[in-house]
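Remarks on the structure that follows.
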Amino acid sequence: MNTGESFIINGGNPLVGDVRVSGAKNAVLVQLAALLLADGVSILHNVPDIADVHSMIELLQFFGAQVVFDTQAHVVTVDTTQVAFALPPAAMLTKFRASILITGALLTRFGASFFTAPGGCPIGERPINLHMHAFKSLGADEIIDGERHSIVAPADGLVGALCIFDYPSVGATENALLAAICAKGRTAIYNAALEPEIFDLVNMLRSMGANISYDVPAMIIVEGVERTELAPVNWTVLPDRLEAGTWLYAAAITGGNVLVHDAPIEHMYVVLQQLDQMGHVVEIDEQNGVVRLKGSKKYSAVSCKTMPHPGFPTDLQSPLLALLSCAQGVGKITETVYENRFLAVEPLCTMGAQITMCNSTVTVTGVDDLIGAEVEGKDIRASAALMIAGLRAQGITRVSTGHHLARGYERFVEKAQALGADITVAK
Ligand code: UD1
């Protein structure tokens, strides 16, 4: 068992009530890094109080940023006036994968940056070749010294270029954007990732003074501006579609009736349609960002493949596995984004799920009920999957999540309790 937090869930209560979705983890982490681009005081609103945000704040502080996080108001104030280049200890970077997103911002601000193999969830090999490809396309050099890779811009700065990705990596697209903001001339990022969190980043960068547009097919165009043209920003972070999806699944698996507020509905169509196809009642109030999910006691299995946005998100694959475990019939999920993201399979089987795995596809034969057990969540989304499985299971489930649940979900336990879940933090 890993160390860190464990939760004790007495399953079987249908979740009922209202839950509010926090700001998106995958938007705010890169947005915090992007604040390094401009001098002065920026303010981010709707910032989730999750461990990865605190890790990114620590990193900004290491570079000399003055940061205040009002966790009740969900507001972060970042003053980058005193920021200076320095090499952080490796442990600071290996704590969370998104530390890599600091690289492009530092390259723009200082003409130099670095990589240390970033940490995060053990969901696959997670190479950084596409990030490097972006920097090299703009004229940067890579200098390798043991574990540390330094990235150095030419003396007269990065130069806009055509950056072609053979896969639409989210992080590499973000780093390409951050590096291209002040490169001379035009950068075209081809086969760019088009996740909603990238659009939120682009919109924030535009408010800072960046010149960014889109073209078909999947192209993001950046016309470089002088760094002095970039200004601090006052920005509200997009709500988290992955957290919203998790609460909808929690309502569905428990046969509950939950109103999910602040759901970014326009980014969740595939997930919402699938819930409807399973036989749950999904009522959408798109204008107000509210979804009501009335869970059906007997719902049908579905099959899908994970894909880059707007396809079915890989981050909801584990939570969907939990839901399929109690569906009627047989569902299949093929994971196409990560090679090792079936971390929920084994613990769900310990809870009585019938899941078989063949290469990148799992087949789930629904069972009438899951049985409480002692299980471990080895990444953020597997942890969330086990929590919602525990909410459905008969008897007591003890989920140990290490630090993973807190890395991605704000106040999961409190939100679940407010919906009637019988769940406590283990001593
Ligand atoms: C981001 C999200 C993560 C989500 C993922 C895919 C953040 C902080 N995290 O992660 O929650 O699951 O997008 O939607 O935003 N790859 C390479 N070379 C590279 C980079 C990536 O081969 O240089 C591969 C990865 O190994 C993976 C796939 O591309 O198999 C997708 O990775 P990527 O889109 O980069 O995900 P992240 O940005 O790490």
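Nearest 10 degrees, 0 to 90: what angle lies between the long axis of helix 269-278 and the longest principal axis of the chain (Cα atoms)?
Helix 269-278 sits at roughly 10 degrees to that axis.
Which distance in nm do the two modelled labels at SER150 and ASP276 give, with both placed 7 Å along the Cα-to-Cβ direction?
It works out to 5.6 nm between the two label points.
When the Karplus curve 6.51 cos²θ - 1.76 cosθ + 1.60 is applied with θ = phi - 60°, which whole-Hz ³J(HN,Hα) does each residue of the range 356-364 get, with x for Gly and Pro?
3J(HN,Hα) across the range 356-364, in whole Hz: 10, 10, 9, 6, 9, 10, 10, 10, 10.
Quick one: if you take sqrt(5λ) for each eigenvalue of the C-alpha gyration tensor of the chain, what semi-axes come out, biggest first, whole angstrom?
Details: eigenvalues 289, 89, 84 Å².
Ellipsoid half-lengths, sorted descending, are 38, 21, 21 Å.
Multiply the residue separation of TYR269 and THR336 by 0.36 nm, subtract the distance between their alpha-carbon atoms, and state the gained length in nm to one decimal.
Net length gain for the segment: 22.2 nm.
Under 25 °C and 0.890 mPa s, how fast does the range 302-427 diffuse according to Stokes-Einstein, given a Kirkwood radius computed over C-alpha pairs? Answer in µm²/s, whole number.
Approximately 168 µm²/s, per Stokes-Einstein.
What is the sum of charges around VAL21, taking Lys and Arg as +1, Asp and Glu as -1, for the other residues whose C-beta is under 10 Å from the C-beta of VAL21?
-1
Using a 1.4 angstrom probe on heavy atoms only, work out the carbon and sulfur share of the accessible area of the range 208-343 in %.
49 percent
Using the heavy atoms of the protein chains alone and a 1.4 angstrom probe, what is the accessible area of the chain per residue in square angstrom?
Normalised by residue count, the accessible surface of the chain is 37 Å².
If I take every Cα pair under 8 Å that is 6 or more residues apart in the range 25-236, average their sequence separation and divide by the length, what percent do I get for the relative contact order? List each step's numbers first, then the result.
Numbers: 442 pairs, mean separation 45.7, N = 212.
After rounding, I find 22 percent.
Taking amide H positions as placed 1.01 Å from N in the peptide plane, with prolines and chain starts having none, which residues 5 or more places from ALA112, or on another chain, fall under 5 Å of its amide H?
Hits under the 5 Å cutoff: ALA153.
For q values of 0.09 Å⁻¹, compute log₁₀ I(q)/I(0) with the Debye formula on a Cα-only model of the range 25-236, without solvent.
After summing over all Cα pairs, the log10 values are -0.30.
Taking LYS25 as the anchor, which lysines have their alpha carbon closer than 30 Å to its alpha carbon, excluding any fewer than eight residues away along the same chain?
LYS95, LYS136, LYS294, LYS305, LYS332, LYS378, LYS415, LYS427
The values are calculated or read from the model by the stated rules, or taken from the named source; none is laboratory data. Model, not experiment: these values are computed from the prediction. Cβ: placed from backbone, ideal geometry, glycine included. Neighbour counts: every protein chain shown. Only protein heavy atoms, including side chains, enter the accessible area calculation; ligands, DNA and RNA are left aside. Shrake-Rupley method; radii C 1.70, N 1.55, O 1.52, S 1.80 Å.
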